[in-house]
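S.K.: Before we start, here is the structure in question, set down as structure tokens.
The values are calculated or read from the model by the stated rules, or taken from the named source; none is laboratory data. A quick note: this is a predicted structure, and the numbers were derived from the prediction, not measured. All Cβ positions, even for glycine, are placed from backbone atoms using ideal geometry, and neighbour counts span all protein chains on display.
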């Protein structure tokens, strides 16, 4: 057989086989191929108890070897979700806010974690905002970094470029930027070069939370993505939630409506107590945020 | 017999065709490639193909298959009660959500046009399932199954005044409490499909 005939035969057989593949594979299962999707409508919901969940997310300033639950709580975000509506809110609290800490007089709010662990931290926040968190989740710099590595890059909308000579010499550009691993932590941690100091840092932490939420929503359909995310949180966060509760909350996070997310930072002025610079929080505004959001996890205006 | 390269190619492709045809892969684009755990008996149409999806945590294959089968049984209860079973034309869908928590059932009832056949039940003479696939991702920290996501792909053919083929696909979310799996949430879409 000549080479030309062989090649022709080979091509013909290959064509036939590929045609068989094309025809047989789609119809080889139990249903025909569906090529026209007329219209798909969507139903979603998550049953949580209560319907509006409040979680206090605490970033401990513990270093390696220190107990994260007996250090200062430097990142404080009270996060609410209304699973009936898909609304969510985050109320940021500057760490230096001078508040009453039950049983310990007045102090910076971040000291509550050191004095009495997650329980007292939750009580101090409840005293300021007027909402007692259902759950307290405490993590560390390296815990957040590991979670960020596990879930992959997130996108944040950064309003102002900033740098830090120690944490991020090259800085972060303004606009939509992608953050991974260590950069997630440094973006949420840097304070000194921000015009609004701790207030702006708290807002940046909320941008990170929004980035994680968007990531969860985008990947919830991926096989095992939520399940593995929950394992990562279990490995890197101290929490009073059991695995099923964490899973429920993770699914609720994935179903949050991005158009119904509101974020505010408790405002205040700079004060001086015993020679130390502190934030004197606007307690009336803090209480208003709590009153606004308590029932539906929505703050109408900051 | 000497096997030529061409013969090997044909054999390989034939095997691919054969394997693909046998598995009848889910067409939801999510690439369900986990091991099958066998079918789950259903009342009408075809039986459900149950697959083990991703397992987060150290759960051996055997127990994972058992979990998938248990989860699929609950999900099947919903697929039957909401879509496949019942005397059509049918207007009563009050029992469409067995295995759901009370509040999840209430949420589903508010969206019953998608989460059941309520919107078309009285215009339909028969419902036949032509595809039922449930792929189960499992959360099993320390080897103990605590939660699961059931990826559902159901295709039903409706006859009667509403003569059409619908697909119901998406995620059904379950947790296990005291040994029982309960649906606490869902993220499901439904639409008409044409071949």
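S.K.: Name the strands (runs of 3 or more DSSP E) wholly within the stretch A:129-199 that hold at least 1 residues that are within 18 Å of residue A:68 (Cα to Cα) and touching a strand residue (DSSP E or B) at 6+ places or on another chain (Cβ under 6 Å)?
M.R.: Counting at least 1 such residues, we get A:135-139.
S.K.: Looking only at the stretch A:56-84, which residues are buried (at least 24 other Cβ atoms within 10 Å of the Cβ) and assigned to a loop (DSSP other than H, G, I, E, B)?
M.R.: A:83
S.K.: OK, next. On the given criteria, is residue B:137 part of a strand (DSSP E or B) and more than 20 Å from the chain's Cα centre (by Cα)?
M.R.: Spelling it out, it is not the case that residue B:137 is part of a strand (DSSP E or B) and more than 20 Å from the chain's Cα centre (by Cα).
S.K.: Would you please name the residue that is nearest to the chain's Cα centre (by Cα), looking only at residues in the stretch B:177-187 that are surrounded by fewer than 22 Cβ atoms within 10 Å (Cβ to Cβ) and facing another protein chain (nearest Cβ under 8 Å)?
M.R.: Within the stretch B:177-187, the match that is nearest to the chain's Cα centre (by Cα) is B:187.
Here's the yes/no breakdown for (1) modelled with pLDDT of 95 or more; (2) within 19 Å of the chain's Cα centre (by Cα); (3) assigned to a strand (DSSP E or B):
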{"site": "A:230", "(1), (2), (3)": "yes, yes, no"}
{"site": "A:248", "(1), (2), (3)": "yes, yes, no"}
{"site": "A:251", "(1), (2), (3)": "yes, yes, no"}
{"site": "A:264", "(1), (2), (3)": "yes, yes, yes"}
{"site": "A:284", "(1), (2), (3)": "yes, no, no"}
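S.K.: A further question on this structure: Check A:211, A:275, A:271 and return the single one that is touching a strand residue (DSSP E or B) at 6+ places or on another chain (Cβ under 8 Å), farther than 17 Å from residue A:44 by Cα and surrounded by fewer than 20 Cβ atoms within 10 Å (Cβ to Cβ).
M.R.: A:271
S.K.: In addition: Kindly check whether there is at least one residue in the stretch B:115-130 that is part of a strand (DSSP E or B), touching a strand residue (DSSP E or B) at 6+ places or on another chain (Cβ under 7 Å), facing another protein chain (nearest Cβ under 8 Å) and in contact (Cβ under 8 Å) with a residue 24 or more places away in the chain.
M.R.: Among the residues of the stretch B:115-130, at least one is part of a strand (DSSP E or B), touching a strand residue (DSSP E or B) at 6+ places or on another chain (Cβ under 7 Å), facing another protein chain (nearest Cβ under 8 Å) and in contact (Cβ under 8 Å) with a residue 24 or more places away in the chain, which makes the answer yes.
S.K.: Need the failing condition index for residue A:117 against (1) in a strand (DSSP E or B); (2) at positive phi; (3) in contact (Cβ under 8 Å) with a residue 40 or more places away in the chain, just the number.
M.R.: (1)
Here is a yes/no grid of residues against (1) under 16 Å from the mean Cα position of the chain (by Cα); (2) within 19 Å of residue A:263 (Cα to Cα):
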position	(1), (2)
A:158	yes, yes
A:172	no, no
A:179	yes, no
A:188	yes, yes
A:201	yes, yes
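S.K.: On the basis of being within 30 Å of residue A:243 (Cα to Cα) and either more than 7 Å from every other protein chain (Cβ to nearest Cβ) or within 20 Å of the chain's Cα centre (by Cα) (or both), does residue B:96 make the cut?
M.R.: Here the answer is yes, as residue B:96 does meet what is asked.
S.K.: May I pose another question? Among the residues of the stretch B:57-65, is there at least one that is at pLDDT 95 or above, part of a helix (DSSP H, G or I) and surrounded by 20 or more Cβ atoms within 10 Å (Cβ to Cβ)?
M.R.: Yes, the stretch B:57-65 contains at least one residue that is at pLDDT 95 or above, part of a helix (DSSP H, G or I) and surrounded by 20 or more Cβ atoms within 10 Å (Cβ to Cβ).
S.K.: Residue by residue through the stretch B:43-56, note down the ones that are under 14 Å from residue B:131 (Cα atoms), in contact with a strand residue (DSSP E or B) (Cβ under 6 Å, 6 or more places away or on another chain) and either assigned to a strand (DSSP E or B) or at pLDDT below 75 (or both).
M.R.: B:45, B:48, B:49, B:50, B:51
S.K.: Let me ask something else about it. Restricting attention to the stretch B:147-163, does a residue exist that is closer than 17 Å to residue B:56 by Cα and at the interface with chain A (Cβ under 7 Å from one of its Cβ atoms)?
M.R.: yes
S.K.: Turning to a different aspect of this structure: Can you name every residue in the stretch A:282-302 that is closer than 17 Å to residue A:52 by Cβ, in contact with a strand residue (DSSP E or B) (Cβ under 7 Å, 6 or more places away or on another chain) and surrounded by 15 or more Cβ atoms within 10 Å (Cβ to Cβ)?
M.R.: Those that are closer than 17 Å to residue A:52 by Cβ, in contact with a strand residue (DSSP E or B) (Cβ under 7 Å, 6 or more places away or on another chain) and surrounded by 15 or more Cβ atoms within 10 Å (Cβ to Cβ): A:289, A:293, A:296, A:297, A:298, A:299.
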